[in-house]
Amino acid sequence: MKKIILILVLIISPTALLAEEPLEGSPHWSLEVKGGDFMPAIDDWSQNYGKRYTQEYGGSLAYKVFRPLEVGIEGSFIQDIGQGKGSFSNLPVGKVTYKLYPVNVFVLARGVFSERQWVVPYVGGGWTRMFYKEEVQGQGTARGKANGYHARVGLQFLLDGLDQTAANNLYFENGVYHTYLFIEAKRTHAMIDTDSGLSVNLGGTSYLGGLLFEF
């Protein structure tokens with residue numbers, strides 16, 4: 001009986017110790033899920049939609065060319081509902097639903113110097129394709145796309161140390177090396193020419209937060 005107990009201790013102990021120690025090695029991919037506020041660059045936005053901002057939700061996937069530098073693609077969804085106005089009377093004529101679908105191809109640099117670094121700053125930017133759709137009740141639907149660019153900056157905070165055993169289990173079960181909480185500010189610029197001859201910036205400023213998984 002003592003031999004059996006000794007064998008079990010020898011088997012279990014290395015596993016328990018491993019679960020409490022940070023993992024060795026470095027990740028090759030980054031996956032983000034995020035959400036927050038989007039402040040459109042359109043000047044009279046609050047007059048039509050009741051407030052200066054709306055919500056934005058999205059995610060991204062990136063490949064690490066080497067540890068601090070990665071290239072990736074990001075998609076987001078932005079929507080708001082307000083009141084449409086007549087072209088001549090400028091009076092409300094019905095509900096208007098405005099949707100944006102930004103797609104970003106980006107390069108991003110993270111200031112990471114250690115796999116156990118608690119706070120990591122980052123900066124990035126790249127090309128944007130902005131898809132839009134506007135439905136005005138009783139007046140039809142307008143849709144289209146515009147090319148532009150974006151830039152973002154943020155801070156990420158390592159969560160592994162809050163529960164190293166759970167963090168290691170996440171790696172063994174799903175291949176996730178690190179989990180971070182992050183906050184970021186993003187600026188997007190994408191111009192279109194309207195039928196009236198005016199140029200409108202479909203972009204704006206985003207203030208986002210979310211989770212980053214590195215694997």
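Those strands (runs of 3 or more DSSP E) of region 79-189 in which 2 or more residues are of a type in the set (D, E), buried (at least 16 other Cβ atoms within 10 Å of the Cβ) and free of Cβ contacts under 8 Å to residues at least 60 places away in the same chain occupy 119-136.
Of the residues making up region 155-196, just one is in contact with a Leu (Cβ under 8 Å, 6 or more places away or on another chain), modelled with pLDDT under 85 and among the aliphatic types (A, V, I, L, M), namely A167. Against the test of being buried (at least 19 other Cβ atoms within 10 Å of the Cβ), under 18 Å from G59 (Cβ atoms) and out of contact with any helix residue (DSSP H, G or I) (no Cβ under 7 Å at 6 or more places or on another chain), the options G210, G204 yield a single qualifying residue, G210.
The values are calculated or read from the model by the stated rules, or taken from the named source; none is laboratory data. Please read these numbers as outputs of a predicted model, since none were measured by experiment. All Cβ positions, glycine included, derive from the backbone under ideal geometry; neighbour counts span all protein chains shown.
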